[in-house]
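Here is the structure we will look at.
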Amino acid sequence: MPKVNELQEHLQPGQVYRRADLAKWSNAVDRHLQQLVSKGIIQKLAGGVYYCPKKTAFGDIPPEDETLIRAFLKDDHFYMASLNAYNSLGVGTTQLYNEKLVYNHKRDGRYTLNGRHFYFLKRPRFPEKSSQEFLLVDLINNLHFLAEDKESVLNSVAEKVRSMDKPKLMKTVQEYAGARTKSFFEKLFHAEEMKHAV
């Protein structure tokens, strides 16, 4: 059996592979990958990342974002977010964005994987799942990415903070806020305290 066929036998539809994962089944991995790409058996998604598509009557199903990111990072520990999620907070953000944010421990920068845009942000800490408190903190962290009027959004956030669980929000600020975001919330909390003290 030709070695390229042997490699092909190990491929599972719907799986994303790194070149290093496939090298163990081939004695000429780059040549074999090129042959499989030209036959349409696998797709090259990014440098050293390949996808064996699931075939349907309507065409190939693209890989899940999580599967794609996991293979790209060689890591399960990441948190994927969308700038569109801020629109649920009711603080005046309404724009729609195509790019997704990927919080992780390994990479920084913009990458295009399988035609989709991801902005990788290297962070020491990020949650496993979202919460309203995290979204609000994250919004201020990422205000520079947004197309909306920044001053208007900040005023709306200040208004929203009054109706939120303050201890929970303060804990989230301590865990996930950057320096400027921390300063913004600390000023808000201080102003609220002064108001109640009067």
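List the chymotrypsin sites (Phe, Trp or Tyr not before Pro) in the range 22-64 that DSSP assigns to loop (not H, G, I, E or B) and whose Cβ has at most 11 other Cβ atoms within 10 Å. Which are they?
PHE58
For the range 106-198, count the residues as N, evaluate 2.2 N^0.38 Å, and divide the Cα radius of gyration by that value, please. Before the final figure, lay out the partial values.
Details: Rg = 15.2 Å, N = 93, 2.2 N^0.38 = 12.3 Å.
Scaled against compact globular proteins, the figure is 1.24.
If the viscosity is 1.002 mPa s and the temperature 20 °C, what translational diffusion coefficient in µm²/s does Stokes-Einstein give for the range 134-186 when Rh comes from Kirkwood over Cα pairs?
Working: Rh = 11.2 Å.
Rounded, D is 191 µm²/s.
Scan the chain and report its longest stretch carrying no GluC sites (Glu not before Pro) that are both in a DSSP loop and have at most 16 other Cβ atoms within 10 Å. List each step's numbers first, then the result.
Details: sites that count: GLU64, GLU99, GLU128, GLU148.
No qualifying site falls inside 1-63, the longest such stretch.
Pairs LYS39/LYS74; LYS44/LYS182; LYS122/LYS195; LYS129/LYS195: which are spaced more than 30 Å apart, C-alpha to C-alpha?
Cα-Cα > 30 Å for LYS44/LYS182; LYS122/LYS195; LYS129/LYS195; rest within.
Using θ = phi - 60° and the Karplus form 6.51 cos²θ - 1.76 cosθ + 1.60, what ³J(HN,Hα) does each residue of the range 54-60 get, whole Hz, x for Gly and Pro?
In residue order, the calculated couplings are 7, 9, 9, 4, 9, x, 6 Hz.
Which ³J(HN,Hα) values in Hz, rounded to whole numbers, follow from the phi angles of the range 62-70 under the Karplus curve 6.51 cos²θ - 1.76 cosθ + 1.60, where θ = phi - 60° and Gly and Pro get x?
Along the range 62-70, the couplings run x, x, 5, 4, 4, 5, 4, 5, 4 Hz.
Give the shape of the range 1-53 as rounded, prolate or oblate, defined through the alpha-carbon gyration tensor: a ≥ b ≥ c are the square roots of its eigenvalues, a/c under 1.5 means rounded, and otherwise the shape is prolate if a/b is larger than b/c and oblate if not.
rounded
Sort ARG110, ARG180 from largest to smallest accessible area, using a 1.4 Å probe on the heavy atoms of the protein chains.
ARG180, ARG110
Using a 1.4 angstrom probe, figure out how much accessible area the chain has per residue, in square angstrom, rounded to the nearest whole.
Using a 1.4 Å probe on heavy atoms only, each residue of the chain averages 58 Å².
For the range 150-167, just list the computed ³J(HN,Hα) in residue order, Karplus coefficients 6.51, -1.76 and 1.60, θ = phi - 60°, integers in Hz, with x standing in for Gly and Pro.
Once rounded to whole Hz, the list reads 5, 4, 5, 5, 4, 5, 5, 5, 4, 5, 5, 3, 4, 9, 9, 6, 4, x.
Please name whichever of TYR17, LEU36, ASN142 sits farthest to the positive end of the charge dipole of the range 1-152, dipole taken about the Cα centre and charges placed at Cβ: Lys and Arg +1, Asp and Glu -1.
Highest projection toward the positive end goes to LEU36.
What is the diffusion coefficient of the chain in µm²/s, taking the Kirkwood radius over Cα pairs and the Stokes-Einstein relation at 20 °C with a viscosity of 1.002 mPa s?
110 µm²/s
Which net charge results when you count Lys and Arg as +1 and Asp and Glu as -1 among the other residues whose beta-carbon is under 12 Å from that of GLU193?
Residues near GLU193 contribute +1 overall.
Please report, as a whole percent, how much of the solvent-accessible surface of the chain comes from carbon and sulfur atoms (probe radius 1.4 Å).
Roughly 50 percent, rounded to a whole number.
Around PHE120, under 9 Å between beta carbons, what's the net of Lys plus Arg minus Asp minus Glu among the other residues?
Around PHE120, the surrounding residues sum to +3.
Considering the alpha-carbon set of the range 36-150 alone, what are its Rg and its Dmax in angstrom?
For the range 36-150, the Cα radius of gyration and maximum Cα-Cα distance read 16.2, 50 Å.
The values are calculated or read from the model by the stated rules, or taken from the named source; none is laboratory data. None of the values given here were measured: they were computed from a predicted structure. So basically every Cβ, Gly included, is an ideal-geometry build from the backbone, and we count neighbours across all protein chains shown. Quick note on the areas: whole protein, heavy atoms, side chains included, nothing else; ligands and nucleic acids left out. Shrake-Rupley method; radii C 1.70, N 1.55, O 1.52, S 1.80 Å.
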